Amino acid sequence: MKEKEKIVIIESDVYATGDEGLIKIAVENLLDNANKFTNKTEQPRIEFGPLQQQDQTVYFVKDNGVGFDTKKGNNLFTPFQRLHQEQEFPGTGIGLATVKRIIELHGGEIWYDAKVNQGTTFYFTFGE
């Protein structure tokens with residue numbers, strides 16, 4: 001079976017101020033999630049980059065994967081809470097909790113926009 005070609009767009013020259021190791025863990029977790037949840041998508045696409053909103057840099061990781069119903073996302077950043085079955089999408093259920101903790105340690109925030117079968121975008125900031 002031929003593997004699907006995945007489009008991954010990562011902006012160049014993206015900078016943030018903070019603990020390099022922790023920021024790397026946070027971004028890798030978000031990209032890993034995007035990769036996992038686009039595996040069953042016909043034409044998978046993942047994007048990472050910054051946006052300017054007022055005087056603040058907002059980073060995003062966007063995918064066109066399975067998404068989720070935002071009404072069920074209340075516990076999304078709680079350890080071991082999952083929106084999808086383990087058999088369908090394996091994982092420990094701590095990735096997003098880890099991401100949130102790292103971002104908050106840096107004085108930032110994280111939030112999301114998602115639609116079932118249309119993908120998810122995570123937005124996050126670091127206190128500057």
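The values are calculated or read from the model by the stated rules, or taken from the named source; none is laboratory data. The structure presented is a predicted model; accordingly, all values stated were derived computationally and were not measured. In this analysis, Cβ positions are derived from the backbone assuming ideal geometry, glycine residues included, and neighbour counts consider all displayed protein chains.
Can you find even one residue in the stretch 67-83 that is on the phi > 0 side of the Ramachandran plot, loosely packed, with under 13 Cβ neighbours inside 10 Å, among the polar types (S, T, N, Q) and modelled with pLDDT under 90? No: the stretch 67-83 contains no residue that is on the phi > 0 side of the Ramachandran plot, loosely packed, with under 13 Cβ neighbours inside 10 Å, among the polar types (S, T, N, Q) and modelled with pLDDT under 90. Answer yes if at least one residue in the stretch 41-59 is modelled with pLDDT under 90, under 16 Å from T120 (Cα atoms) and either surrounded by 16 or more Cβ atoms within 10 Å (Cβ to Cβ) or of a type outside the set (D, E) (or both), and no otherwise. Within the stretch 41-59, one or more residues are modelled with pLDDT under 90, under 16 Å from T120 (Cα atoms) and either surrounded by 16 or more Cβ atoms within 10 Å (Cβ to Cβ) or of a type outside the set (D, E) (or both). Give the residue, chosen from K24, K36, K40, that is assigned to a helix (DSSP H, G or I), farther than 25 Å from H106 by Cα and of a type outside the set (V, I, T). Within the list K24, K36, K40, the selection yields K36. Screening K24 against (1) within 20 Å of I103 (Cβ to Cβ); (2) surrounded by 15 or more Cβ atoms within 10 Å (Cβ to Cβ); (3) out of contact with any helix residue (DSSP H, G or I) (no Cβ under 7 Å at 6 or more places or on another chain) leaves a single unmet condition, (2).
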